[in-house]
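*Asks:* A single structure is presented below for examination.
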Amino acid sequence: MLIRLPVRQRPEPTPEALDDVGALLAGSNLLLRAGNRVAALALLWAAVAVDPVHLTAHRRLVAVLANSGDLHGALDEHARYREFLRARDEVEAFRNEVAYAAATLGALLRPRALEDSHDPSLRLRRYLTAAV
């Protein structure tokens, strides 16, 4: 006996999904699913270059960098995004990102001996303490 399941129609893409950043994010998702992190990172960097304050682009870039083992790169990228927000006086968004960093990147923020004062994790810790 054959069971017929209803076919779900995909909704029409929203205008936001059709913009350049949306296309780059969709492409990076496809590449990540295929296992090509290098190409996905290239598209994510391009998305961030197109729109430097795009929340989803930055968060995905941070996640892919962290999951790839580049923890310092992830911290640097998140700090760079927060600097964009700070420069635009987007205080609420900045505070939200500080809370997001504390929740998602908290394991990287544990105190440890740092020889280099330009270490991204040290800078992120400074941001967290200064913004709260």
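*Asks:* Looking only at the stretch 85-106, count every residue that is hydrophobic (A, V, I, L, M, F, W, C) and surrounded by fewer than 18 Cβ atoms within 10 Å (Cβ to Cβ) and tell me the total.
*Replies:* First, the residues of the stretch 85-106 that are hydrophobic (A, V, I, L, M, F, W, C): 85, 87, 91, 93-94, 98-99, 101-103, 105.
Filter once more, so that each one left must be surrounded by fewer than 18 Cβ atoms within 10 Å (Cβ to Cβ): 87, 91, 93, 99, 102-103.
The qualifying residues number 6.
*Asks:* Now for a separate question. Looking at this structure, is Glu115 charged (D, E, K, R) and at pLDDT below 80? Talk me through it step by step, then tell me what you get.
*Replies:* Numbers: charged (D, E, K, R): yes; at pLDDT below 80: yes.
Yes; evaluated as a whole, the condition is true for this residue.
*Asks:* Confirm whether Val38 is at pLDDT 90 or above, β-branched (Val, Ile, Thr) and assigned to a helix (DSSP H, G or I).
*Replies:* Numbers: at pLDDT 90 or above: yes; β-branched (Val, Ile, Thr): yes; assigned to a helix (DSSP H, G or I): yes.
When the stated conditions are applied, Val38 passes them.
The values are calculated or read from the model by the stated rules, or taken from the named source; none is laboratory data. All values reported here derive from a predicted model rather than from experimental measurement. Glycine gets a Cβ as well: all are built from the backbone with ideal geometry, and neighbour counts include every protein chain shown.
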